[in-house]
Structure formats: structure tokens, C-alpha cells
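The block underneath contains the structure these notes are about, expressed in C-alpha cells.
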Amino acid sequence: MTSFDDILEEVGKFGRCQKRIFALLCLVSVPWAGVYVGIVFQGFTPNHWCRDGAVVQWRQSCGRSPAEGRRMTAPLVNASGEPQYSSCEQYDVDWNATLTCDTTQVDLSGMPTKLCSSGWEYDYEGRQSFVTEFDLVCSDAWLMDMFQAMLNIGFLLGSIAIGYLADRFGRKLSFVISNVFNGMAGILVALAPNYVSMLIFRMLFGFGVKGGWMAGYVLITEIVGVESRRTVGILYQMFFSVGLVVLPLLAYYISDWRWLQVVITIPYFLYIFYYWFIPESPRWLLSQNKNSQAVTVTEAMAKENKRTLSKDIETLADDNAATSSTASLMDLVRTPNMRKHTFILSYNWFTSAVVYQGLIMRLGIMGGNVYISFLISALMEFPAAFLILFTIERVGRRLPFAAANAVAGAACFIAVFLQDGWLKTAVTCVGRLGITMTFEMVVFVNTELYPTFVRNLGVSVCSTLCDVGGIVAPFLLYRLAVIWLELPLIIFGFLAFLAGGLVLMLPETRGVPLPDTIDDVEHPEKMKYKAAEQQLSSRLLHNTNSNISTNQEPASV
């Protein structure tokens, strides 16, 4: 019986066909960055103060500046030990009979104050965010966090639903359908007439985006050889970082949040055409007893790679085909190793999301130019990818994975005791580097630890904890920061350290073939034997080809 890994030796582990599919699917990661952290620009909260109709009319008719209007409206309050104008209170004064164009100075000491009653004015011209459009400030500021929370709720539901559909009906079909859904939902977000409808459409947008991304990830992972999986997985995610670099440039020139939403959404309509350019996963076809279709796809891959198949491809089979069509959530927890993997990976997904988003958002509330700050933080993603590529084939997966968590945790703890300044910024950037490595590694390690028939469902279910972390992160950061600005860093550090310790309990997957059955997961020694057998087969095939080439040379002369 011939396995798909055996056939890949002849088809080509990362040939022209796989490279073409990989290049197409990498593009899917670029707009996802805008979906995931676009709130930084779409939900930008500028300086603001209470709106008083009489003061606005006085300012406009008398040619006074916004700063003069704010001085007449907002009382001074102490914030962080420094006096500044209140964003949520105004003087309780009837200015209609008081203000004239000759008014220059008014004694406001002792004036009564009240909460804003007529909306707000904003001191950031040129950018229209949903915060300024729907007045999500002061007592309603937490509603801005709901914009991100609803996206992650959509991620949560979509990961499970589309993960199941991808295992039941195929990676390719689920990928294409999710992008149809993404395009429609994204445009609805841009057209939302009010805040409630915006949240509903935002959740629907999240429903399709992550599930489709994960289906693409699993598809490309399943059609390349063991040696290429790590590069494919990391570079697939690195294009998310490319999206992070592009996002502030787009936001700088597209000042309206609705039009920015449209630009982020347009690529998903283009991905629908991938239906005619990418194949179904042969591994999945085998797991569903669709051997003839798997043979057709595999032969097409070999033809595009300009390779010839010598093995009897008709004997392609999957050891777990008998139970593959009944993959369920219980498969993830029924046996000891599967249960351990599911728990540890789920916790690491949760920690990665909380710390990753938390550190990004924390940099955002430190002030300064939002575009430059975001760009610098985005550039920290690239060293993480190259560090992973450098270490995981030399050292393995497990130690770099655990070390990245430890670095992130240590950076968070150290930053607590540092004064604001360049050193603290540098340390938190190191923490961002560590948690970025963790986030990128958990995806492909998750893929490598589950058998074929339940792989997409396993990745999707574990990654739901990432979505739970995404729901928690904005509330955790902003609400705890009100108590003490450094308190979130202590929580982040604890979560990361615990995650690193748990990772050490996972098996090493370097050079090990993807498991095909639950039995492979429960008896990893079989996988090591299979890896050694494949290496021997690869050497024999290489020697055979070399001998053939040597024997043909005299004939050609």
C-alpha cells in the first residue's frame, strides 16, 4: 500500500505546482491583517470634549479656534498628575446670554459641571472613524471594544463551522465559499447604517475570514513534503505581517473608516476565482475514500512539476479511511495524547492572542504618531519569522516554541519595573517579538500534531481559544490599566510563562511525517520509524536516479 508521503517523493515535495498554489494562498494573509487590527484606524479615538451648541455657534460666527471653544466648555481635571481638559464633563452654564464676539476672558473657577449632554467635538480633522461617527466615548467607550470582540466571536463560530465543513466537504470548497461570504459581509460592514447593525455585520465578517484562512493553511500544508512544511507555514503567516505594514499606509491616505473597510474587503472577491487555480487536497480526498479523484489531482501535480511517477499510484490509500467521514470533536479528547495536545495547544492559542493583541494595543495608547507607531510594531514581525526559520530545523519545534513564550513573559515582567522611555519601549518590543514567534509557531505545530482526517477540525477547535483571547484582550488591557497601568503586563507575563512550560510537554515534530491516524499520535515511535523509512527511501530513490543518469551519458555521446 502506497502512502501519499511516498508519492510526494516522486511528485516533488515543493515543486512548481506547490509553489504556485503557495504564492496564491499567501495573498490571503494580507487583507486579514486589516480585518484583525484595522480597529486601530477604523476605531481611532481623537481628543474630544463636550459639545455646547451656544459655544459652537459663538466660535463659528466670531472666528474663534477650537481650542478657545474647548476652554469655554471643558473644565480642567487632573489626569496622571497633570491638568488637562475633561473629555466627559462640561460647565453647567447657559452661554447663550453670556458669550459675544468681544468675549476674551471668562472666570470659570467654581463653575458647576455636568456630564456631556449634547454630544462631543473632536480635535482630529481629516479622519472619520466609527468612534467619532457614533460617539463611542466616555461612558460608551467600552462599546468600541465590542467592535473587536464581535469580530472574535465571529472567528470563534466560523472556525468551528468552517473547520467542520472543510473536513467534511473539502478544503477547497470551504475556502471558496468562505470568501464569497467574506466579500458580502465586509461590504455590509461598510454600509452599516447604525452601530448595532455594524456589530452584527462585523461578526458575520469574522465568521468567514478566519475559517477560510485556516482552510487555506491546511491545504498548502497537506500538499508539500515534510522538509517544506516549516517554511510554508511561517511564510504563509509572514504575509500577515506584510498586511500589517501596508495597513498604516492605506489608512494614511484613506481617512474614512467606511472606505477603508471597502478596500480591506475587495481582495476577498478576487479569491473566489481561486476555485479554478487550486486543487483539492489529495490527503483529504484519500481520507474520504475518494481515491480516483486523489489520483487525478496527484497526477496533475506531477505533470506540472514535470515529474514522472513510477510507483503504482492506484494503490494510494489512507489508513484511517474507514472512520474519516465521522470525524468529531470527541476525536480530539478521546485518547490520552490527543487530549494532552488539545489542552496545551488551546491554551497557547489563548495566550498568544491575549498577549499579542494586548502589547499592540498598549503601544497604541502610549501616544505619538499612530501611523509611525503601528508601522514600527509591524516591522517587529519580520525578525520573528526569520528567527523561526533559522532555529526550528536546527533545534526543533519544541524548544524555540517554549523559549519564545519565556522571552515574551520575561519582557512583560521586566517592563513593569522600568520608567517610561526608550528602554521600556525596547523591552516591550522584545516581548512583541517573542509572542509573535509563539503565534506563528502554534499554527504549524498544531497542524503537525493532528491526524489527517481531523486535522482541519483540530486546528480550528484549538484556535477558538485564540478567539476567546481576542474577545478578552481589549477589556483586559483597558479595564486593568485603569486600576494600574502596569497590571496588564503582569497578567501577560504570567500567561506567557505558563504557556512555555506546557509546550515542553509536547512531542518534537521536526522531520516527522504528518500523522494519518489517531494510532500514529498515540504511538509516536511508529512515526519515528516511518520517518526513518522515508529517509531511506529518499536516499535509494536519489541513488537510483543518479545511476540512471550515469548510465545514460555514454548513450547520449
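Points worth noting:
- Helices (runs of 4 or more DSSP H) wholly inside segment 1-95 that include at least 1 residues being closer than 22 Å to Gly225 by Cβ: 4-11, 16-26, 29-37
- Within segment 152-165, tally of residues that are open to solvent by less than 10 Å² (accessible area, probe 1.4 Å), touching a Leu at 6+ places or on another chain (Cβ under 8 Å) and either closer than 21 Å to Leu24 by Cβ or modelled with pLDDT under 90 (or both): 1
- Filter pass, Gly170 being in contact (Cβ under 8 Å) with a residue 60 or more places away in the chain and small (Gly, Ala, Ser): yes
- Residue count for segment 107-128 satisfying the condition of being out of contact with any Cys (no Cβ under 6 Å at 6 or more places or on another chain) and more than 18 Å from Ser65 (Cα to Cα): 14.
- Residue in segment 27-46 that is of a type in the set (Phe, Trp, Tyr), open to solvent by 10 Å² or more (accessible area, probe 1.4 Å) and farther than 19 Å from Leu250 by Cβ present: no
- The single residue among Val245, Val189 that is open to solvent by less than 50 Å² (accessible area, probe 1.4 Å), in contact with an Asp or Glu (Cβ under 9 Å, 6 or more places away or on another chain) and either farther than 30 Å from Tyr124 by Cα or in contact (Cβ under 8 Å) with a residue 12 or more places away in the chain (or both) turns out to be Val245.
- Residue in segment 76-91 that is out of contact with any strand residue (DSSP E or B) (no Cβ under 7 Å at 6 or more places or on another chain), touching a residue at least 40 places away in the same chain (Cβ under 8 Å) and surrounded by fewer than 20 Cβ atoms within 10 Å (Cβ to Cβ) present: no
- A Cβ distance below 7 Å, combined with a sequence gap of six or more or placement on separate chains, defines the contacts here; from segment 265-292, residues that are open to solvent by 30 Å² or more (accessible area, probe 1.4 Å) reach residues that are of a type in the set (S, T, N, Q) in the pairs Ile272/Asn179; Gln288/Ser324; Gln288/Ser325.
- Just so you know, in segment 374-401 the residues that are open to solvent by less than 10 Å² (accessible area, probe 1.4 Å) and of a type in the set (A, V, I, L, M) include one that is farthest from Gly501 (Cα to Cα), and it is Ala378.
- Of all residue pairs spaced 6 or more apart or on separate chains, those with beta-carbon atoms under 9 Å, a first member in segment 373-389 that is closer than 19 Å to Tyr252 by Cβ and among the small types (Gly, Ala, Ser) and a second member that is outside any helix (DSSP H, G or I) and open to solvent by 60 Å² or more (accessible area, probe 1.4 Å) are Ser373/Met366.
- If you filter segment 412-462 down to residues that are part of a loop (DSSP other than H, G, I, E, B) and among the aromatic types (Phe, Trp, Tyr), you find that the one that is most open to solvent (accessible area, probe 1.4 Å) is Phe417.
- Looking across segment 396-421, just one residue is of a type in the set (Val, Ile, Thr), in contact (Cβ under 8 Å) with a residue 24 or more places away in the chain and within 17 Å of Leu433 (Cβ to Cβ), and that is Val407.
The values are calculated or read from the model by the stated rules, or taken from the named source; none is laboratory data. Please read these numbers as outputs of a predicted model, since none were measured by experiment. Positions of Cβ are backbone-derived with ideal geometry, glycine not excepted, and every protein chain shown enters the neighbour counts. To get the accessible areas, we keep the full protein, side chains included, count just its heavy atoms, and leave off ligands, DNA and RNA. Shrake-Rupley method; radii C 1.70, N 1.55, O 1.52, S 1.80 Å.
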